[in-house]
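Student: Below is a structure I'd like to ask you about.
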Amino acid sequence: MAYEGRFWIDPENAELRRMTIEVPHLPRESHTCRVETTIDYRRARIGGSDFLLPQLTVLKMWDAEAQRHENRIENSACREFQTESVFRTGLEPSTGESAAPKKPLAIPLGISVKIALHSKIDSETSFAGDAIEGQLVNAIRDRKGTILAPGGALAHGRIVRLEHQQQPSNYFALGLKFHSIEVNGSEIPLTLARAAAQNAVGVILTGMGDDGGRGAAEFIEPLPRVAPTALRLAAG
């Protein structure tokens, strides 16, 4: 399909500020008369550098019944993700024995685990993938009463879901996954599974036994009909 467009350049620094792409003549079978896309560009600070990125993209479509449809995409709060690695050669072989892999903490099936969230979660600054910490409210015991993990032990995890939904109702969806726990100074893999919902705003976690599992919890936060600005959970 043939298209045309225009672009705007900042006279002070010669940087792109806006670009439009128009498709004035579409095939009859598309039932669309015209498509127009407008992209606004702005510099955004990510990490320690500035990048020229799309800030707002507006797609407009006019159908054969003279109705206009509009889709708006706004980019904000961009973040930098990075990692570091070191490659070493010629290292002398270790004389000591290699550390044995840590065995996952096997929690008997059906035992609920309560973890108090210590990390602050804010929908305006938090993202899926962020690390979180919690603390065991009570000790984890096996069927015989033996303590597997003491109360107050530190649990590590990540945010696996953080969404703001407006359809079919207005709510935030938050998913947390705890993957390890500190026991006797060592970080031990934690195997948990989501159990049935206790109430409208959360679920409990139960042990998975020796075959492993996933430590995941999802919380649905109902909101009033008035549009909310953010979801914030303070550290417990």
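Derivation of every value follows stated rules applied to the coordinates shown; laboratory data play no part. All values reported here derive from a predicted model rather than from experimental measurement. Cβ atoms come from the backbone with ideal geometry, glycine included; neighbour counts cover every protein chain shown.
Student: Once phi is turned into θ = phi - 60°, what whole-Hz ³J(HN,Hα) does the Karplus curve with 6.51, -1.76 and 1.60 give for every residue of the range 44-60, x standing for Gly and Pro?
Tutor: Ordered by residue, 3J(HN,Hα) equals 10, 7, 10, x, x, 10, 9, 10, 8, 10, x, 9, 9, 10, 10, 10, 10 Hz.
Student: Pick out, in residue order, every one of the chymotrypsin sites (Phe, Trp or Tyr not before Pro) in the range 1-69 that is DSSP loop and has at most 15 other C-beta atoms within 10 Å; say none if there are none.
Tutor: Numbers: sites: 3, 7, 8, 41, 51, 62; in loops: 3.
Qualifying residues, ordered by number: 3.
Student: Which FRET efficiency value, to the nearest 0.05, do you get for residue 8 and residue 29 by plugging their Cβ-Cβ distance into 1/(1 + (r/R0)^6) with R0 = 41 Å?
Tutor: On the way: r = 34 Å, r/R0 = 0.83.
According to the calculation, E is roughly 0.75.
Student: How large is ³J(HN,Hα), in whole Hz, for each residue of the range 125-133 in order, when computed from phi with the Karplus curve 6.51 cos²θ - 1.76 cosθ + 1.60 and θ = phi - 60°, using x for Gly and Pro?
Tutor: Listing the rounded values in order: 10, 9, 9, 4, x, 5, 6, 9, 10 Hz.
Student: Given H placed 1.01 Å from N in the peptide plane, which residues other than close sequence neighbours of residue 34 have an amide H under 5 Å from its amide H?
Tutor: 62
Student: Next question, about the same structure. Could you list the GluC sites (Glu not before Pro) in the range 110-171 that lie in coil according to DSSP, counting only those with at most 14 other Cβ atoms within 10 Å of their Cβ?
Tutor: Working: sites: 124, 133, 163; in loops: 124.
For GluC sites (Glu not before Pro) across the range 110-171 that sit outside H, G, I, E and B with at most 14 neighbouring Cβ atoms in 10 Å, the list reads 124.
Student: Fully extended, how many nm does the chain gain between residue 75 and residue 138 (0.36 nm per residue separation, minus their Cα-Cα distance)?
Tutor: Working: separation 63, 0.36 × 63 = 22.68 nm, distance 4.23 nm.
Fully extending the segment from residue 75 to residue 138 adds 18.4 nm.
Student: Suppose R0 equals 35 Å. What FRET efficiency, 1/(1 + (r/R0)^6) with r the Cβ-Cβ distance, do residue 83 and residue 57 give to the nearest 0.05? Walk me through the numbers on the way to the answer.
Tutor: Working: r = 30 Å, r/R0 = 0.84.
Calculated transfer efficiency: 0.75.
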